[in-house]
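S.K.: Below is the structure I would like to discuss, written out as structure tokens.
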Amino acid sequence: MKVLRRFCSLGVLGVLTAGMLSGVASSTLSATPASANLPEVFAATASAQALKLSLFGTTLTISSTNAEGDTTPKAHADGAGAALITASSSVADSTGANQSVTTPKNCGIVLPLQPLAGVLLACSQSTSVTASAVPSASATSNIADIDVNLLNPVLNLLKPILDALTPLANQVLGTVLTTVNNVVQPLLGSTLTNLLGKLGIDINKPVSSLITALQKATNLITIHVGDTTSQVATTAGAVVADSVAQGAKIDVLPGLLVNGDPLLSITVGMAHTTSTYNRVSGASAATFDPAILSIDLLGSVIPIKLGSPIDLLAGTPLESVISLGAGSTTTNADKSVSAVADGVGLDLLKGINGGISLHLAHAESAAGGHTDTVTAATPTTTGSTTTSLPVVTSVEAVRLATTGTSAPVLPVGFVLVLAGYLTRRTFRSRRAARAPR
Amino acid sequence: MTLNSPGSRSTAGEPRPAPGRRHDGPPRPAWQRRLVSVVSIGLVVAGVVVIGYPLWTNFWQNRLQDRLAHQLTSRQLADAYRAHRLATGDSLTRIKIPALGVDMVVVQGTTDSALQAGAGHYPETPLPCEDGNVAIAGHRTTYGKPFANLDRLKPGDTIELDTPIGGCVYTVAKDPFVVTPTDVSVLATTTVRSLTLTTCNPKGSAAQRLVVRATVVKDLQPL
């Protein structure tokens, strides 16, 4: 809804601009029949929430970010680690040409547990830039970042032992690995070699290269809870609105792999959307990537997702929608696009005062616009030109009204009554069977 | 010798199982009996509620219509209508479809709460009888089910809209047709004054939308 409101305001702004442009164009045409040059117009927005809980109209959001930019020029970014902790929020606004605002990383709580662990709770940071009237905005937030730094102290503690054993271990394990590699290579191809290559392990001295790799790992474990990022970036060719939300992410040995990735990464609840407006062609496109659970082992990602949302009792006050790793894209009438994705989304009893809503990892983005156009003027005093501005709307607004229900109400009702009756009857007959004579 | 075998010894006064019935053990605890009672009664009540839900929506819609009919004749609403300052849920127009026996008040908006009135006007489309494509959504199985038989409309059937400041008559332009819920092209503006009615399809399902398109034939009063 926040995005919808923003788009509405952008739409109003666009209409006003269109009216002014039309007026200017009309006057120009009245005076001298000529062509009208309509400037490029675009708008993009991205929004992400790690956790949003709504109970019958009362909403609690934990870790949220928003970013928006348009050709006004305007760039806006805001983030909040936790809505109730003021110190965790940040806002950056740039509303004129060549402005740049970057807030510090605001955290609600910092726990000084160095060097064994670093704990930051409820943080956000926002940046907005309108360099050369080109808007860019980004915001990041999280509810908890916990770095467990036990790795290096343990390695340092074991250093004398490792130093003594490494040459022998290298020789033995190297021989074993070389033999195994020679045996499995005909069967598995270069799988083992690739695996060792990702870890940066030299097959001839595996132990020492593994220790070196472990020393490169920045931490033993890093836990990110509620990370969200929203950004709008404008380049010469495109405007990209990108939003990412994660419920929780655990990285084991971050930085271990050669490319800097962790050995294992487990993400619970993930949503990623991207909407792109091409400034050259005027076309827009959107993508989404949600997952209930995502496991990244040695660079191979295994996402777990359900697909389309399940709509139960649609059109009734008891309507409930369950989204587990689901998302969608929408192309609007003016060719602007929007995308929405949910890691886990539960909207229960929607018709009862807003019902109960729980969204873990929710992301949405939208982008649209039109390129510079030169319109042939009509050589009359009443001639006017109009421009089609992006009227980007949210996904919810582009469905025909729901006036029915997806659930077979009468059969469901009869089944419930029958189930109740049978439960009671079965129990009574058993009780009668147990009853003493 | 087993405990319950014939001839087994039993203490004086100890009850014996009824012939032909099993004796599986001691009676269930009281909390289990209460739980089963609560669950079974709960299931029956839930079933009755679900079965009665359509009836309740009809009752509720009927009550709403009384209030909306009163609001439709008010001067304040006429002023708000002229100024295009209508809130979601406000009375908007009376729709009459003689072929289906429909005569009811349509409200502004197509939110769940607005559609409890039975039918609602898509706010992104022009107001009734104005230029462009006026679109109205209506329930098919609940809340008075005004569009229950929308599929029976034929080209030439009339649809009358009576607004607080005038009215107009449309005739159905072509046979009803089915679209997907995301096909909002049926709400796109048109060069001729037209009316689009939408409802869920098939009956009892929200999988598709049934659409009726009509074009204006006359104004009842100048707007």
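The values are calculated or read from the model by the stated rules, or taken from the named source; none is laboratory data. All of these numbers come straight from a predicted model, not from anything done at the bench. Backbone-built Cβ (ideal geometry, glycine too); neighbour counts: all protein chains shown.
S.K.: Restricting attention to the stretch A:409-430, and to residues there that are farther than 17 Å from B:Gln32 by Cβ and not aliphatic (A, V, I, L, M), which single residue is surrounded by the most Cβ atoms within 10 Å (Cβ to Cβ)?
M.R.: A:Gly413
S.K.: So, one more: Assuming B:Arg140 fulfils every condition listed in (1) within 14 Å of chain A (Cβ to nearest Cβ); (2) out of contact with any Cys (no Cβ under 8 Å at 6 or more places or on another chain) apart from one, which condition is it?
M.R.: B:Arg140 satisfies all of (1) within 14 Å of chain A (Cβ to nearest Cβ); (2) out of contact with any Cys (no Cβ under 8 Å at 6 or more places or on another chain) except (2).
S.K.: Residues being at pLDDT 90 or above and over 22 Å from B:Lys96 (Cβ atoms): count how many of those fall in the stretch B:180-199.
M.R.: 0
S.K.: Let me ask another. Restricting attention to the stretch B:157-167, does a residue exist that is polar (S, T, N, Q), modelled with pLDDT of 90 or more, in contact with a Pro (Cβ under 7 Å, 6 or more places away or on another chain) and part of a strand (DSSP E or B)?
M.R.: yes
S.K.: Kindly indicate the residue of the stretch B:143-163 that is more than 14 Å from chain A (Cβ to nearest Cβ) and either free of Cβ contacts under 8 Å to residues at least 24 places away in the same chain or within 17 Å of A:Leu400 (Cβ to Cβ) (or both) and also surrounded by the most Cβ atoms within 10 Å (Cβ to Cβ) among those meeting that condition.
M.R.: Out of the qualifying residues, it is B:Pro155.
S.K.: Go through the stretch B:125-142 and count every residue that is assigned to a loop (DSSP other than H, G, I, E, B) and either crowded, with 24+ Cβ neighbours inside 10 Å or of a type outside the set (A, V, I, L, M) (or both).
M.R.: Qualifying residue count for the region: 11.
S.K.: Could you check the stretch A:199-234 and list, in sequence order, the residues that are within 30 Å of A:Gly327 (Cβ to Cβ) and either of a type in the set (A, V, I, L, M, F, W, C) or over 29 Å from the mean Cα position of the chain (by Cα) (or both)?
M.R.: Matches in the stretch A:199-234: A:Ile221, A:Ile223, A:Val225, A:Val232, A:Ala233.
Let's see how each residue does on (1) part of a loop (DSSP other than H, G, I, E, B); (2) within 14 Å of another protein chain (Cβ to nearest Cβ):
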site	(1), (2)
A:Gly255	yes, no
A:Gly260	yes, no
A:Ile266	no, no
A:Pro290	no, no
A:Ser294	no, no
A:Pro303	no, no
A:Thr329	no, yes
A:Leu346	no, no
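S.K.: Here's something else I'd like to know. Scanning the stretch A:235-275 for residues that are polar (S, T, N, Q) and under 25 Å from A:Asn142 (Cα atoms), which turns out farthest from the chain's Cα centre (by Cα)?
M.R.: Among residues in the stretch A:235-275 that are polar (S, T, N, Q) and under 25 Å from A:Asn142 (Cα atoms), the one farthest from the chain's Cα centre (by Cα) is A:Asn259.
S.K.: Now a separate question. Residue by residue through the stretch A:37-48, note down the ones that are of a type outside the set (Gly, Ala, Ser) and either in contact with a Gly (Cβ under 9 Å, 6 or more places away or on another chain) or under 19 Å from A:Pro135 (Cα atoms) (or both).
M.R.: The answer is A:Pro39, A:Glu40, A:Val41, A:Phe42, A:Thr45.
S.K.: I would also like to ask the following. Under the condition of being buried (at least 19 other Cβ atoms within 10 Å of the Cβ) and of a type outside the set (A, V, I, L, M), which residue from the stretch B:99-111 is farthest from the other protein chains (Cβ to nearest Cβ)?
M.R.: B:Gln108
S.K.: Here is a follow-up. Residues in the stretch A:171-228 that are assigned to a loop (DSSP other than H, G, I, E, B) and farther than 30 Å from A:Gln125 by Cβ: how many?
M.R.: Here the count works out to 8.
This table checks each residue for (1) part of a strand (DSSP E or B); (2) farther than 30 Å from A:Gly368 by Cα; (3) β-branched (Val, Ile, Thr); (4) at pLDDT 80 or above.
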position	(1), (2), (3), (4)
A:Gly14	no, no, no, no
A:Ser26	no, no, no, no
A:Lys52	yes, no, no, yes
A:Ala75	yes, no, no, yes
A:Gly79	yes, no, no, yes
A:Val91	yes, no, yes, yes
A:Gly108	yes, yes, no, no
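S.K.: Sticking with this one: Considering each residue of the stretch B:207-223, count those that are closer than 25 Å to B:Leu72 by Cα and outside any strand (DSSP E or B), and give that number.
M.R.: Residues flagged as closer than 25 Å to B:Leu72 by Cα and outside any strand (DSSP E or B) within the stretch B:207-223 amount to 2.
S.K.: Just checking, does the stretch B:88-106 include any residue being within 21 Å of the chain's Cα centre (by Cα), within 17 Å of A:Leu400 (Cα to Cα) and not acidic (Asp, Glu)?
M.R.: Yes, there is a match, as at least one residue in the stretch B:88-106 is within 21 Å of the chain's Cα centre (by Cα), within 17 Å of A:Leu400 (Cα to Cα) and not acidic (Asp, Glu).
S.K.: Restricting to the stretch B:177-206, count the residues that are within 14 Å of chain A (Cβ to nearest Cβ) and either without any contact (Cβ under 8 Å) to a residue 60 or more places away in the chain or not in a strand (DSSP E or B) (or both).
M.R.: 19
S.K.: Also: Collect the residues in the stretch A:348-373 that are of a type in the set (D, E, K, R) and assigned to a strand (DSSP E or B), keeping them in residue-number order.
M.R.: Listed by number, the list holds a single entry, A:Glu364.
S.K.: Scan (1) modelled with pLDDT of 65 or more; (2) within 7 Å of another protein chain (Cβ to nearest Cβ); (3) within 40 Å of the chain's Cα centre (by Cα) for the single condition A:Ser406 breaks and write down its number.
M.R.: Of the numbered conditions (1) modelled with pLDDT of 65 or more; (2) within 7 Å of another protein chain (Cβ to nearest Cβ); (3) within 40 Å of the chain's Cα centre (by Cα), the odd one out for A:Ser406 is (1).
S.K.: In the stretch B:188-208, what residues are more than 15 Å from B:Asp131 (Cβ to Cβ) and out of contact with any helix residue (DSSP H, G or I) (no Cβ under 8 Å at 6 or more places or on another chain)?
M.R.: B:Cys200, B:Pro202, B:Lys203, B:Ser205, B:Ala206, B:Ala207, B:Gln208
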